[in-house]
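Every read-out reported here was derived from the displayed coordinates using simple, explicitly stated rules and does not represent laboratory data. As the structure is a computational prediction, the values presented were derived from the model and not from experiment. Note: ideal-geometry Cβ built from the backbone for every residue, glycine included; neighbour counts use all protein chains shown.
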Amino acid sequence: MIKIQREVIDRLHAANSGRDLHDLVQGAIRLEHSTIPPYLTAMLSLKPEKNREIWSIIHSVVIDEMLHMTITCNLLNALGKRPQIDDPGFVPNYPGPLPTGIDGDLIVGLEPFSIDLMGSTFMKIEEPEHPIAFKAAGTETEYATIGQFYRALIDKIRELAASGNELFIGDPARQVMAKGWYAAERLFAIVDVDTAVNALQIIIEEGEGTSVSPLAEDGELAHYYRFQEISRLRRLIPDPTSENGYSFSGPVIPFDSAAVYPLTKNQKMIDLDASSEGGRRARQFSFVYTKLLKALQRVFDGEPQQFGAALGLMYELKLAGQILCSLPAIKNNSPTGFNAGPTFEYAPKNT
């Protein structure tokens, strides 16, 4: 379970104005973004046309995380503060703890897919305070989960609004709604307390499910349970004979361990010969990744109509990653025995 330091929640409880929420919401943007590179790396390590069911599950979570990052950017813009995305400091350093005051021993890296990775890292990132039905319930701690952080943020927004604070002072024209990419009930303008609360509830439920169901309001499994499906290699389906209405008694999820590229963990551009094909493709990958950050910055700086073009760069990034991951890692003119892994580094020039 990800554990957010108590002091972060204390800062949230102590907030007296919308301005006091700015850094905390910017931290939430960084946190939502920081889950995407690890998930994408595992997904890209699956060889083309192999393990497609697993690929599709992870891909669905990546798309949701892009939505959650967009929601938190909308919230910060609604509070009158510009999201900061196009910045080298925005890019997480892997391996390491996730941003926003994360405590505990969970170190997240960029690794190829494995069944163990699902349980040891991905499920821990998404784990609710009390996983229901299918795993022993989490224990109470002095820390907060990501879901608890968002619930506390909801409570504070309601409290500040009720006390007369004018919170939503941002330009509504900066709100991203992205018709054609996400359903209107999942991505909408944040302009007041109700829309802010509804948007944050989407993040909570899509990550954790509800307190009584593994499903979010849209009827899809929450991220935690999607990763648990992969971990168990069985689908979670309704089961009236089960105490909580669901069981891992659905179809088997096929997995071919030989169809996973042996990626270099936590690949850095500097650890690949610049003249090798892997080195050139790594520079291209990081260049496209940086273009994506720059495009998203323009979107949230007042060009929401460019959101589709920015998401198009996500597909370009996946294509660049597929090519990169198929190549051997060459260091000092010798193969390392591993493939080149995705390099999520800030690289504004493809040189």
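Key figures for this structure:
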| item | result |
| --- | --- |
| Isotropic mean projected area of the C-alpha convex hull, segment 240-351 (nm²) | 11.2 |
| Debye equation applied to the C-alpha atoms of segment 3-69, log10 I(q)/I(0) at 0.26, 0.27 Å⁻¹ | -1.07, -1.11 |
| For the chain, the fraction of alpha-carbon pairs in successive 20 Å shells from zero, as % | 30, 58, 12, 0 |
| Considering only the chain, percent of DSSP beta bridges that pair antiparallel, nearest 5 | 90 |
| Per-residue [θ]222 nm for the chain (sum of -39500 (n - 2.57) over DSSP H runs n ≥ 4, rounded to 500) | -14000 deg cm²/dmol |
| Amide H within-cut-off set for Arg234, under 5 Å, with H built and near neighbours excluded | Ile253 |
| Centre separation in Å (Cα based) which lies between segment 14-84 and segment 299-326 | 14 |
| Contour minus Cα-Cα distance for Ile107 and Lys50 (0.36 nm per residue) | 17.7 nm |
| Aspartates and glutamates with Cα under 17 Å of Lys156, excluding same-chain neighbours fewer than 8 positions away | Glu7, Asp10, Asp20, Asp23, Glu166, Asp192, Asp194 |
| Magnitude of the charge dipole, segment 3-259, Cβ model with Lys/Arg +1 and Asp/Glu -1, debye to 20 | 440 |
| Amide H contacts under 5 Å for Phe338, placed H, 5+ residues apart | Ala329 |
| Listed residue pairs exceeding 21 Å between alpha carbons, taken from Lys3/Lys124; Lys291/Lys318; Lys50/Lys124 | Lys50/Lys124 |
| For segment 270-276, Karplus couplings with θ = phi - 60° (6.51, -1.76, 1.60), whole Hz, Gly/Pro x | 5, 8, 10, 4, 4, 7, 6 |
| Amide H within-cut-off set for Ser247, under 5 Å, with H built and near neighbours excluded | Ile237, Asp239 |
| Calculated over segment 169-256: convex hull of Cα atoms, volume per residue (Å³) | 131 |
| Under 15 Å, Cβ to Cβ, from Gln305 - net charge with Lys/Arg +1 and Asp/Glu -1 | 0 |
| His59 paired with Ile270, simple spin-label distance in nm, labels 7 Å along Cα-to-beta-carbon | 3.5 |
